[in-house]
Structures are given as structure tokens and as C-alpha cells.
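The values are calculated or read from the model by the stated rules, or taken from the named source; none is laboratory data. What you are looking at is a predicted structure, and each value in this text was computed from that prediction instead of being measured. Cβ atoms come from the backbone with ideal geometry, glycine included; neighbour counts cover every protein chain shown. The area values use the complete protein model at the heavy-atom level, side chains included, leaving out ligands, DNA and RNA. Shrake-Rupley method; radii C 1.70, N 1.55, O 1.52, S 1.80 Å.
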Amino acid sequence: MSLSTAAVVAGGAVRPDAIRPADLRFCGLRREALGIRLLSASPQAAAAAKRKVLAAAATGNGAAGSGGFDYDLVIIGAGVGGHGAALHAVEKGLKTAIIEGDVVGGTCVNRGCVPSKALLAVSGRMRELQDEHHMKSLGLQVSSSGYDRQSVADHANNLASKIRSNLTNSMKSLGVDILTGFGTVVGKQKVRYGKVGFPDNEITARNIIIATGSVPFVPKGIEIDGKTVFTSDHALKLESVPDWIAIVGSGYIGLEFSDVYTALGSEVTFVEALDQLMPGFDPEIAKLAQRILINPRKIDYHTGVFASKITPAKNGKPVLIELIDAKTKEHKETLEVDAALIATGRAPFTKGLGLENMNVVTQRGFIPVDERMQVMDADGNAVPNLYCIGDANGKLMLAHAASAQGISVVEQISGKDNILNHLSIPAACFTHPEISMVGLTEPQAREQADQEGFEISVVKTSFKANTKALAENEGDGIAKMIYRPDTGEILGVHILGLHAADLIHEASNAIALGTRVQDIKLVVHAHPTLSEVLDELFKAAKVTGIPQAVSEPVAA
């Protein structure tokens, strides 16, 4: 992920002096703590008012769209991003339809985040049961551990089905029209959709959001058979657990599957094109992660090499992987393994959307958008009433980023300008232990500091000093923060350790709200909890600049 200087002005944070009193929102408890009067007479009245708004929105979605359009908003793609946008749109009183060409939930629910977490839950339990030393240290005895492959696969599939059903029901209950077929933008504020072999339908919409997501990227020379050479889409079905599997790519997807396969008994070989494993992570975190997640396990690796050709297993022969040097392109060796997982990233699913009808040209398949997710045409102009969110625009290929972008767009078309700070969006890798991050890596922060002429500081804390982690004998891990000592601005936070994916949100919220280190270090954390890892991290920071005055809260 490349970051331009313009996109990361002041680390992307919202400065406190840029926030207007009218923009402040408080939960009920926070209002009472600050002595602010509530507008509603009682909790019952507030709940009744909310039900009235939602009922009106759902009812309104059955009426004609405003301005003579069939809909106020049509969303092409029913993944997590489209779902989040649809629900927020109905809440805003917009007549909304969502077009799904495959299944509701998209990649995240059906072929990504959700089923993979089910498999990772299994791998976590297996690791715990197999760690005899860890069990004995807690005074526990486990005679043996095992698993049933089909039951594990069923757990992942059943979870995906349940979440998919929940998403569908939530949209139907609020009155979102779910239209089946592949959507195409055929003109200004016009969309055509339909199933193959059936007549197409054409509808009009005041605004259109493209949320078509992505598919696994398979480099040239790799032959996929779905059985012995496969992508994450196939791997999540867990049709087999090979004795020896090569994983091409050591990013999020590759790391998580290495955790699953090694826990279930496989040996893993990583094939990484760059000179180091986990190239997308902060280098210091990646180095520690290698020591914890790779070196002690049945994993070896080849770095600085491309898999130029991969041939599936046939006629009793193993999978063949031809490796070439990434720089010289000379042949290095040929691996013979039982299976190969291709985890080389994802490609946007943007073909056939009719973008040429709007003079839009994709960039490496991604749809160009501005900071408000509005689609840009070939001449660099924003296309009116056309937006793109999620993996299809390539800004940040995470399910929750897609949802946040969709909500941001709905805010804009509802009359409130909203620009999403992508540097405040956290990411996580659900290995055991977990890795999480938000904001800039240390090299990115140093590059920005050099360009803009400021200093950065780095502080770290260890899980080994945390009471809760020690109580669970899970002391491996660190938290790291990069910040500006002159202003206290948080530029990035990276965590490797127990429940890192949950802990990161305190830091991401601080970046989103523009909270400075000198302020957040004064907040209270419960003891003994893992949150104290971050408490100690914030307290370790030294701010040299003059503390900024905090304005008095004002009732909205």
C-alpha cells in the first residue's frame, strides 16, 4: 500500500481545533457525566423515537424514489460494503435497492473473513491442546488431541451460512429491495441487471454505488485445479489436509493459512517474491512474528523467488513448483509438494460494469475514485452520482473499510460531507498470537517525517510485563507506537500478542478522533486486563511540545 504525502497530512488525524461543537456526539452516559441535558424526556421516549425513524425508513423504501427515480440509491454488490451502505441508507430514509450477482455477503462472508476465522478458531484450540508444556504450566493434563476434518469444514460452512442469512434478513426487515443478477451502469443514473438467459431489467437511481469486491489473484504460469493447486476460495472448504503444502505469498492470507495447516499437522513451505517474509507488516513486528509464528513450527521458506510455473498433481506425480530468482529470473530449483495454496493477493472484480459508458478507465483493474469515493472519469473529473467502495477501488482492501466507505458515501448523498480517514482504519491477522496495526509503519512514518520536516519517536511495551497475559502464560508479544514528540500526534500502532486484534481499536479510535498522546495517557484502564499493554505504551511516550488546550464540551 503506497501512501502519498497529500493523503497523510498530519498523519491523517483530525486535529481537535478542527472539530466544531455541533459535530460532537456523545452517548447518553457521556452526556450525563458532563452535565449535559438530554433532549429526550426518557429512555422509553428515545427508544420509541428510534423505532419510529426506522419504521418510517422501512415504509419509505416501498414508495417511489425522490425526483422521479425508481430508487434514491442502487448498490451493485451485496458484500459487507454494500450491506453496510444499504442499512445506513434506509436509516437515512432513502429508497434503496441492492443488486447481488452471486450470494449475499460477498467474499468476506462466503469465501474470506468469516469461514477463515472458523478454521482459525479450530487451529487455536488445537495449538492449545497440543502444547503440553503450556498445559502443564497451568496444572492441566490432556492425554491426546485430534480432529475430524469434515466436522471442521462443516463448522466453517455453517458459520458462513448463518452470517449470510443474518445479512439477508437484516436488509429485508428494513425494506431494502434485493435484486438478483449482474448489474451494469448503462448511462447516467441508470442500471441494468438480470440473470444469464433471462430478460434484463433497467432501473433508475439518484445515486449509484459500485461495491463488487475482488477475486483471488493468480499469476501467470500457475495452473489451478481446485484440488492440489488452489486459492483461498478452495482452501476454506478444507477438502483435504495435505502432508506438505507450499503457500505462495506470506501476507495476511498466507500467514493465517499457515497457522491453520500446521495446527492440523501439515508441513508448510512459504514462497515469497520479496527478500523478507511478511513484507506488508512493520519490519520490527515481522521479525518478531517470524520468531514466534514461523521458526518454532514445521515451516520453511524461500524468499526472493517467483513461482514461475506450478503444475497440479497428476497421475501419481506431486505438485511441481518451478522457482526462479526474483531479480535475475534464473531457475533456482523445483519443489515437489502435495499441494500449493496461491495467496498472492486479490484482484478487483470490475469487468462488465459498463464503466466505458461513463468514460471511466480502470487503473490495473481498480476503479479510480477521489477522497469521497466518487468515481473519476478518464479526464480526471468526478462522475456525478456514481461512487465506488471497497476492494474495487483498491484504497484499502478490507471488509470493514468497504463498509466504512459505504457509510461515508451515504452520509454525503444525505447532505453531510464526510471524508473517511483511511489511516485510522485498523487491520488484523488472526494467527496465534494475533497481529494488528493501524496507521503508518515505522519506515513510512520516517519517510513522511523527512519529507515534511518533523521528528518521530517510537515507544514499545511487552506482553511479558502484563499481569493478565502472564496469568494465561501468553507473554509473547509487543506493542509499538510511532508518534510525533512535538505535538503528541499518533502516527501508527502495531501489536503482536494475545488478542491484538481487539486491542488495536483503542489506538485506531484515537487516530480517528485526533486524540493526542498527552491526553490518552491520562485515561483509566481496568486491572488486570490486556488493555494495560496499551496503557503502558501511551504512558511511555514523551511529548516535548506545548500541550494544546482542550475546549469545554458543548451540548449539541
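Before moving on, here are some points about what is shown:
- Helix-derived mean residue ellipticity, 222 nm - over the chain, DSSP H n ≥ 4, -39500 (n - 2.57), to 500: -9500 deg cm²/dmol
- Each residue was assigned an accessible area with a 1.4 Å probe, and for Asp486 the value is about 60 Å².
- Global geometry of region 431-489, whether rounded, prolate or oblate, following the gyration tensor of its Cα atoms and the 1.5 cut on a/c: prolate
- Gly345 long-range amide H proximity, modeled H, under 5 Å: Phe217
- Loop-exposed GluC sites (Glu not before Pro) per DSSP, neighbour cap 16 Cβ within 10 angstrom, longest uninterrupted part of the chain: 1-222
- Accessible area per residue for region 260-361 is 48 Å², calculated with a 1.4 Å probe on protein heavy atoms, without ligands, DNA or RNA.
- In region 412-477, trypsin sites (Lys or Arg not before Pro) in a DSSP loop with at most 12 other beta-carbon atoms within 10 Å: Lys416
- Residue ranking by accessible heavy-atom surface, 1.4 Å probe, largest first, among Ile253, Ile419 comes out as Ile419, Ile253.
- Database remark: amide H of Ile247 closer than 5 angstrom to the amide H of Thr269, Phe270, Val271, Leu341 (H placed geometrically; neighbours at sequence offset of 5 or more, or on other chains; Pro and chain starts carry no H).
- For region 177-198 and region 467-485, distance of Cα centres in Å: 50
- With all protein chains modelled, accessible area of Val80 [1.4 Å, Å²]: 40
- For Met126, solvent-accessible area (1.4 Å; no DNA, RNA or ligand), Å²: 10
- DSSP-assigned coil residues among trypsin sites (Lys or Arg not before Pro) in region 269-345, each with at most 16 further Cβ atoms within 10 Å: Arg297, Lys298, Lys327, Lys329
- Heavy-atom accessible area per residue - region 421-463, 1.4 Å, Å²: 39
- Volume per residue for the chain equals 185 cubic angstrom (convex hull of Cα atoms).
- The chain - percent relative contact order, Cα under 8 Å, separation 6 or more: 15
- Shape of region 257-317, Cα gyration tensor, a/c cut at 1.5: oblate
- Nonpolar atom fraction for the chain, defined as the carbon and sulfur part of the 1.4 Å probe accessible area, stands at 53 percent.
- The residues of region 126-238 expose on average 56 square angstrom of accessible surface per residue, using a 1.4 Å probe on protein heavy atoms.
- Of the residues Ala445, Leu537, Thr431, the one whose Cα sits farthest towards the positive end of the charge dipole of region 429-556 is Leu537 (charges of +1 on Lys and Arg Cβ, -1 on Asp and Glu Cβ, taken about the Cα centre).
- Percent of C-alpha pairs per 5 Å bin in region 434-556, short distances first: 2, 11, 21, 23, 19, 12, 8, 4, 1, 0.
- Distance between the C-alpha centres of region 79-158 and region 258-278: 20 Å, rounded to the whole angstrom.
- Positive-pole candidate from Gly187, Met278, Val142, dipole of the chain, charges at beta carbon: Gly187
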